[in-house]
Amino acid sequence: MTRAYSAPLCLTADYMDGLVKLCSDNNIRCLENEPLSKYISFKVGGPCRAMVFPNSAEKAALVIKYLSEREIKRFIMGNGTNLLFADEGYDGVIINTSDYNEIKAEEENIYAFGGAPLIKLCRLALDNSLSGLEFAYGIPGSAGGAAYMNAGAYNGEMKDVIAYCDYIDSDLTVRRAYSDELSLSYRKSAFNDTDKFILNVALKLKKGDKDEIKAKMDDLLSRRKDKQPLEYPSAGSTFKRPEGYFAGALIEQCGLKGRSVGGAQVSEKHAGFIINKGGASADDILKLIELCQNEVLKKTGVTLEPEVKIIK
């Protein structure tokens, strides 16, 4: 889940004390001034004022209610694999879903809490001979985050397998939205630009041959390793695919493959990836993103839109 909620108030000392007490009283992990670089796949970003880890829907609702009533700036984070925070950090509360991560399989369905790693869902599907999720094997991220952005690869997308999502609405009511109500399209869903908190994701798969499922998963993972710079911190594909083009090919065509700003580099292995080659700052990455956008627009007329979520 990748959602920023802009509000006029920062986390004052009194509100911080209240949040810490709320978390302590309800056995919710709460960390103050926590470095975001520990949680973001780019391995950059300054501290957030507070990071909380609700492990149930009820606890998530308590935290959201507290923050909403006080108009405190907040952001919902899954596995942090598609995010970029500033070097100055985040002057608000990060709701981290990683403690909310249970999964189960029933017949041809998989049910996952929002914070469950997508790779765990893929492995559970394999264990139960369920086909349809092979495309996601190797995609970093959480179930909620994958639903939020309709994650996809290798001709598959979450919209192909999502049955429904349960979420906490802005009025703190738990609601269910079925696949046809989620407006799932390329890297988009009905959750974008809302303050809804994805609780659960239900997937509808099909029975298949376990050996064939494993062979496909192994093949796709091997292709990822061959083509993508997985040995360096990154946020995956930096840019969305422009209609009729491939971002990486455009960037390479413009002579930007290997281009660096500080410790950030356009990967020499795949130009669609900006990587932290070592010691990069968030500002380095942002400047390199802008450089790629400007050069591609100037030389090809194509506008590159970041796939990575830039949070301020």
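The values are calculated or read from the model by the stated rules, or taken from the named source; none is laboratory data. On a predicted model such as this, the values are computed, not experimentally measured, just so you know. Cβ: placed from backbone, ideal geometry, glycine included. Neighbour counts: every protein chain shown. For the accessible areas, the whole protein counts, side chains as well, though only heavy atoms, and no ligand, DNA or RNA atoms are used. Shrake-Rupley method; radii C 1.70, N 1.55, O 1.52, S 1.80 Å.
Annotations for the structure displayed:
- Histogram of C-alpha separations across region 184-229, 10 Å bin width, %: 19, 26, 34, 21, 0
- Considering only Cα atoms, the convex hull volume of the chain works out to 126 Å³ per residue.
- In region 62-196, Rg over Rh equals 0.97, where Rg is the alpha-carbon radius of gyration and Rh the Kirkwood radius from pairwise Cα distances.
- Taking the C-alpha atoms of region 123-183, convex hull volume expressed per residue in Å³: 101 Å³
- Peptides 31-38, 280-287 ranked from most to least packed, by the mean per-residue count of other Cβ atoms within 10 Å: 280-287, 31-38.
- Cut-off under 5 Å, modelled amide H: who pairs with PHE239 long-range: GLU307
- Measuring nothing but how far apart in sequence close Cα pairs (under 8 Å, 6+ apart) lie, relative to its length, the chain scores a relative contact order of 17 percent.
- Sequence-distant aspartates and glutamates (8 or more away, or on other chains) whose Cα lies within less than 14 Å of LYS21: GLU32
- Inverse mean reciprocal Cα-Cα distance (Kirkwood Rh) of region 39-82, Å: 12.0 Å
- Proximal aspartates and glutamates to LYS104, defined as alpha-carbon separation beneath 15 angstrom and excluding residues fewer than eight positions away on the same chain: ASP127
- Cross-link table LYS43/LYS277; LYS73/LYS188; LYS120/LYS214, entries beyond 19 Å C-alpha to C-alpha: LYS73/LYS188
- Region 251-304 - Kirkwood radius from inverse mean 1/r over Cα pairs (Å): 10.9 Å
- Distance between region 29-77 and region 290-309 - C-alpha centres, whole angstrom: 31 Å
- Under the shape rule built on the C-alpha gyration tensor, where the axes satisfy a ≥ b ≥ c, region 273-312 is prolate, since a/c reaches at least 1.5 and a/b is greater than b/c.
- Entry note: region 50-106 has Rg to Rh equal to 1.03, where both radii use alpha-carbon atoms and Rh is the Kirkwood radius.
- Region 1-126: C-alpha gyration tensor shape, a/c 1.5 cut-off, then a/b vs b/c: oblate
- Debye-formula intensities of region 189-312, expressed as log10 I(q)/I(0) at q = 0.09, 0.10, 0.17, 0.23 Å⁻¹, are -0.35, -0.42, -0.95, -1.23 (one equal scatterer per alpha-carbon, no solvent).
- Between region 192-237 and region 120-152, the alpha-carbon centres lie 5 Å apart.
- Charge dipole (the chain, unit charges on Cβ, about Cα centre) - positive-most of VAL20, PRO306, SER37: PRO306
- Partner aspartates and glutamates whose Cα lies under 16 Å from the Cα of LYS227, excluding those fewer than 8 positions away in the same chain, are identified as ASP218, ASP219, GLU252, GLU268.
- Surface accessible to a 1.4 Å probe, per residue, for the residues of the chain, Å²: 45 Å²
- Average Cα contact separation per residue, region 1-133, under 8 Å, 6 or more apart, as relative contact order %: 25 percent
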